[in-house]
Structures are given as structure tokens and as C-alpha cells.
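Enquirer: Next up is a structure, given as C-alpha cells.
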Amino acid sequence: MSANSADSTGQAARLEVVLVKAGRTKIRYEAELLGDDGTRIVVRAPWAGEGVRDFGFVRFEKGDVFTEHYWRDRWYSVKEVRDSAGALKGWYCDITRPAVLAGSELVVEDLDLDLWRSADGRDVRRLDEDEFAASGLTRTDPEAAAAALAALSELEALAHEGTFGTLLT
């Protein structure tokens, strides 16, 4: 089902993004619906974390804006991250099960693996492979684990090839 990016009053439609990890809600936050073509859902939201999250290679902080791309048929989401002045920091990619839109909730199950690509494309790194291994998904759901690893490899290849932006158009 497609959704419009504005409701009947002309106001921007809002969704609640619900990130689930290991069966529990990790975070939920409100986001502006920018588009939904039936396959890809795009939302925009301010940094929803508490305080600053410093990864060493990037900092997420108050004022940062995330334009988030979720797919109903892909095992990842891609978040374009900009600072408060609009400068692109890069893209943070979560390996997830395909997104599910239920009413005004966009539910995404995080599978622990992540990928970072800096704005200049020079820094592409896999993240949290140790968490993924410790999750036991390869034992409990080998098909999902294989899909997650394939999604990570796909994103990494696109990030290195310089064709990463094609995902978001």
C-alpha cells in the first residue's frame, strides 16, 4: 500500500519508526514521511539518540538530520546523515529484515550488522560483525543470516564501486 507524503490537510504525514532488536524495541521515534512507492519508504527525522554517539569515525549529535530509506523487499536500510548546517557526513546502513509498514508504524528488525560510508567515499567499513556472530542467527535462522550477509556484501560493493547513490534515487 502506498502512502502520500502529506495528509488531506496538507500537513506532512508522520510515521513512528520502531527499531526492534532481538525481539525487543530498541528505539522508537517520529519521522516525516517523504515518500512511499510501495517498495521503498523514505522518511526524515532528527537524531533520535540521547546525547552524542561518537563512533570515532563519525559523531551523531543533536541537530543531525537522517533521511532514511527502507525497503519492503531488501535486507537493509540506508540512512543519509547530515549535520545541522546540511553538510553530508555519510551513510549509515543497517542490515535488517525487510521493513513492515503497519498503519502509522514502520517496523524494522535490526540484525546487528552495519556498514558506514563516509561522504567522500574513502571510508567504507563493516561494523558489528562480532555482535552478529554472538546473536546466534546463523544457528537459529540460517536463511536470514545468509540474507543478512549477502545484503552487507551488496552494500559494501556498491559503496566501493561508487554506485552507492543509485540506491537512493
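The values are calculated or read from the model by the stated rules, or taken from the named source; none is laboratory data. Here the structure is a predicted model, which means the values were calculated and not measured. Positions of Cβ are generated from backbone atoms using ideal geometry, with glycine treated the same way; all protein chains shown enter the neighbour counts. Note: areas computed on protein heavy atoms with side chains; ligands, DNA, RNA excluded. Shrake-Rupley method; radii C 1.70, N 1.55, O 1.52, S 1.80 Å.
Enquirer: Taking the square root of 5 times each eigenvalue of the Cα gyration tensor, what semi-axes in Å does the equivalent ellipsoid of the stretch 88-169 have, largest first?
Expert: 23, 17, 11
Enquirer: Residues of the stretch 72-93 with the amide nitrogen closer than 18 Å to a label point 7 Å from the Cα of GLU61, along Cα-to-Cβ, please.
Expert: What the label zone holds, given the 18 Å backbone N cut-off, is 81-91.
Enquirer: Using the Kirkwood formula on the Cα atoms of the chain, what hydrodynamic radius do you get, in angstrom to one decimal?
Expert: Every distinct Cα pair counted, the radius reaches 16.5 Å.
Enquirer: Quick one: check the C-alpha center-to-center distance for the stretch 124-160 versus the stretch 58-95, whole angstrom.
Expert: For the stretch 124-160 versus the stretch 58-95, the Cα centre distance is 19 Å.
Enquirer: Quick one: which of 24-31, 142-149 comes out on top by average Cβ neighbours within 10 Å, and what's the full order, highest first?
Expert: 142-149, 24-31
Enquirer: For TYR29 and THR166, compute 0.36 nm times the residue count separating them, minus their Cα-Cα distance, and round to one decimal in nm.
Expert: Here the segment from TYR29 to THR166 would lengthen by 46.6 nm.
Enquirer: Under the 0.36 nm per residue contour assumption, what length would be gained going from the current alpha-carbon distance of GLU143 and ALA12 to full extension?
Expert: Gain in length upon complete extension: 43.4 nm.
Enquirer: Any chance you could look up the accessible area of THR138 with a 1.4 Å probe, heavy atoms only, rounded to 10 Å²?
Expert: THR138 exposes around 80 Å² with every protein chain in place.
Enquirer: Could I ask something else about it? Out of all DSSP beta bridges in the chain, what portion is antiparallel? Express it as a percent rounded to 5.
Expert: 90
Enquirer: Give the accessible area for SER153 in Å² (nearest 10); use a 1.4 Å probe, count only protein heavy atoms, and leave out ligands, DNA and RNA.
Expert: Spelled out: SER153, probe radius 1.4 Å, area about 60 Å².
Enquirer: May I pose another question? Within the chain, what whole-number % of the accessible surface is contributed by carbon and sulfur, with the 1.4 Å probe and all protein chains included in the calculation?
Expert: 48
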